[in-house]
Amino acid sequence: KAIVSIFVFILVISFFSSGVIAPSPPVIDGEDVIIGNIDTIIYYECGSIDGAIASSISHDSGIPSVCGEHDEMPEGFLEEFKDGGLYGNVEEIVILGGEAVISSEAEQELETAGSVIADFEVTRIEGTTATGTAVEAVEYFYGPEMTGEVTIVAYEGDYDDSYDEVLHLAAESDGGVVIPV
């Protein structure tokens, strides 16, 4: 198992080993993010390992992340996209994870809101595993030739007590994007 972990680590590091392409972070005034300049939100399922991935990307890039349930938006979330709302200038919501974590019905609800309430697009990033989703997210947000730090985290199962530890590590770490293996 240790050899497989080392192999995955080397594979991931080599995958990210030339030039950096990073998104523009939101304008920051002191420690406060000026929400009006945010054009992208990462949306993931509360309680999924995708939260650690989203949290680490948010921490690294300044892109906010919001969690919801498998098939239900957080209360009042869609109202914030109306003119003058907290997310009034958002142009894209990126769903992190497959339909097992965020349902196609929730995706459709976001797409409808993007057409009716506001003017934003919905993009889904997913892999066949959490590792695959993390790699796809890194490529999407940073480009295929991303260099920089990644944090490889051993993770077993969809949800257990280690999830909280992984999410905390992602939110507090300057170790780059979390890649669960």
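The values are calculated or read from the model by the stated rules, or taken from the named source; none is laboratory data. The model shown is predicted, which means the values in this text are computed figures rather than measured ones. Cβ placement follows ideal geometry from the backbone for every residue including glycine, while neighbour counts extend to all protein chains displayed. Surface areas here come from the heavy atoms of the whole protein model, side chains and all, with no ligands, DNA or RNA. Shrake-Rupley method; radii C 1.70, N 1.55, O 1.52, S 1.80 Å.
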5 angstrom amide H check on Ile152, placed H, neighbours 5+ away: Ile179
DSSP loop (so not H, G, I, E, B), at most 15 other Cβ within 10 Å: list which GluC sites (Glu not before Pro) in segment 70-118 pass both filters. Glu75, Glu91, Glu99
If you count only protein heavy atoms and use a 1.4 Å probe, how large is the accessible surface of Asp119, to the nearest 10 Å²? 130 Å²
Once Tyr43, Tyr87 are ranked on solvent-accessible area with the largest value leading and a 1.4 Å probe, the list reads Tyr87, Tyr43
Quote to one decimal, in nm, the extra length available between Ser103 and Met73 on full extension: 0.36 nm per residue of separation minus the C-alpha distance between them. 9.7 nm
